[in-house]
1. Checking the structure you have, find out if any residue of segment 125-143 is β-branched (Val, Ile, Thr), within 30 Å of ASP292 (Cα to Cα) and assigned to a helix (DSSP H, G or I).
2. Are there any strands (runs of 3 or more DSSP E) wholly within segment 20-85 with 3 or more residues that are within 16 Å of the ligand (Cβ to nearest atom), and if so which?
3. List the residue pairs whose Cβ atoms are under 7 Å apart, where the first residue sits in segment 211-229 and is touching a residue at least 12 places away in the same chain (Cβ under 8 Å), the second is assigned to a strand (DSSP E or B) and aromatic (Phe, Trp, Tyr), and the two are 6 or more positions apart or on different chains.
4. Restricting attention to segment 149-169, which residues are assigned to a helix (DSSP H, G or I) and within 18 Å of the chain's Cα centre (by Cα)?
5. Find all pairs meeting these conditions: Cβ atoms under 8 angstrom apart; at least six residues apart or on different chains; first residue within segment 1-28 and free of Cβ contacts under 8 Å to residues at least 40 places away in the same chain; second residue part of a strand (DSSP E or B).
6. Can you tell me which of (1) under 20 Å from THR165 (Cα atoms); (2) part of a loop (DSSP other than H, G, I, E, B) is the one GLY186 doesn't meet?
7. Can you pull out every residue in segment 184-215 that is within 11 Å of LEU290 (Cβ to Cβ) and either within 16 Å of the ligand (Cβ to nearest atom) or hydrophobic (A, V, I, L, M, F, W, C) (or both)?
8. Yes or no: segment 131-152 includes at least one residue that is in contact with a Leu (Cβ under 9 Å, 6 or more places away or on another chain) and either free of Cβ contacts under 8 Å to residues at least 12 places away in the same chain or farther than 19 Å from PRO84 by Cβ (or both).
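The values are calculated or read from the model by the stated rules, or taken from the named source; none is laboratory data. Since we're looking at a predicted model, the values are computed, not measured. Every residue, glycine among them, receives a Cβ derived from its backbone with ideal geometry; neighbour counts consider all protein chains shown.
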Amino acid sequence: MFHLQVQNLRKSYGECEVVRGLALALAPGECFGLLGPNGAGKTTTLRLCLGLTDPDADSGAITLLGLPVPARAREARLKVGVVPQVDNLDPDFSAYENLYTYGRYFGLSRHALVKRIPELLEFAGLGARADSKIQTLSGGMKRRLALARGLINDPDLLFLDEPTTGLDPQARHLIWQGLQRLLKLGKTILLTTHFMDEAERLCDRLSVMDHGRIIASGSPRELIAAQIEPHVFEIYGDTAQDWARQHGWLAQRCEQSGETVFCYARDAAPLLKNLETYEGLRYQHRPANLEDVFLKLTGRELRD
Ligand code: ADP
């Protein structure tokens with residue numbers, strides 16, 4: 001049985017269809033990533049799957065932990081952990097109190113919470129901050145507390161909306177470690193992210209979404225192999241564009257972004273030989289990654 005199954009999901013706001021016939025299926029224990037530029041429809045999709053937003057009348061079916069959504073969404077949500085994009089922790093309460101009130105909302109007994117909260121604070125690396133008020137916690141601590149709060153009901157399935165946005169590298173690594181521990185425990189995770197390294201590191205499978213549709217799916221490796229030549233050359237400097245005009249044919253594909261020329265090649269040797277002899281250029285040769293896939297599929301123009 002899938003933990004989440006979605007078929008032909010549709011959602012419009014006025015004339016604008018923001019989710020257009022989406023299909024998803026999450027197997028137990030997998031980490032699934034939903035990637036897409038701003039406005040692609042990721043958050044709306046998460047909200048629809050949780051029954052927090054109603055789909056269009058002609059939308060297909062959503063099944064969350066075996067229950068139909070939105071009809072039995074409330075019941076299904078009791079078994080799901082949700083970490084929203086915006087930290088909605090209660091600023092008047094301490095870390096402990098935030099977990100306690102949230103746990104009571106889930107109907108957990110005082111007795112159960114007194115045992116569970118210290119474990120969750122420990123998991124989040126906040127064992128020493130139980131009594132700290134929210135405003136005294138750093139951004140990373142707040143995200144970890146929001147994650148701990150999402151786990152209060154010991155859910156099998158977790159929804160994480162951009163779990164590390166706005167965090168510094170140290171804080172991101174701590175969150176990733178926490179998520180990897182949860183995956184080892186057999187939890188299922190659905191996450192949205194703008195960070196390709198995060199998706200590559202955590203996700204077994206992912207879908208790239210744009211304009212309300214899924215435009216590519218697979219494991220990070222599969223997507224890279226299917227979409228992008230294996231060698232990437234990033235070429236910088238005043239003469240990069242001249243070089244590309246004369247020698248760009250050595251690559252399968254070249255793209256310009258600002259001052260940088262990106263060349264995608266099946267064979268690195270001819271480019272390496274050429275670039276070594278070309279004066280006044282700086283370049284970096286690296287393997288293709290998920291960010292290359294994302295930019296190829298969704299373009300380099302800014303989305304607001
Ligand atoms: P993402 O999470 O991928 O950035 P969203 O799901 O937040 O995308 O938004 C998708 C599109 O739906 C955007 O164009 C956004 O402006 C629009 N949208 C989202 N929520 C609403 C709403 N409540 N009313 C009207 N438009 C909305």
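1. The answer is no; no qualifying residue exists.
2. In segment 20-85, 31-35 are the strands (runs of 3 or more DSSP E) which contain 3 or more residues that are within 16 Å of the ligand (Cβ to nearest atom).
3. Sorted first by the residue in segment 211-229, then by its partner, the pairs are ILE228/TYR264; GLU229/TYR264.
4. As a first pass, look at segment 149-169 and keep what is assigned to a helix (DSSP H, G or I): 149-150, 169.
Passing the criteria: GLY150, PRO169.
5. That search, which allows pairs on different chains as well, returns ALA25/LEU4; ALA25/GLN5; ALA25/VAL6.
6. Just one mismatch for GLY186, condition (1).
7. To start, the set of residues in segment 184-215 that are within 11 Å of LEU290 (Cβ to Cβ) comprises 193, 195-201, 203, 206, 208.
THR193, PHE195, MET196, GLU198, ALA199, CYS203, LEU206, VAL208 - these are the residues of segment 184-215 that are within 11 Å of LEU290 (Cβ to Cβ) and either within 16 Å of the ligand (Cβ to nearest atom) or hydrophobic (A, V, I, L, M, F, W, C) (or both).
8. Looking through segment 131-152, at least one residue is in contact with a Leu (Cβ under 9 Å, 6 or more places away or on another chain) and either free of Cβ contacts under 8 Å to residues at least 12 places away in the same chain or farther than 19 Å from PRO84 by Cβ (or both).
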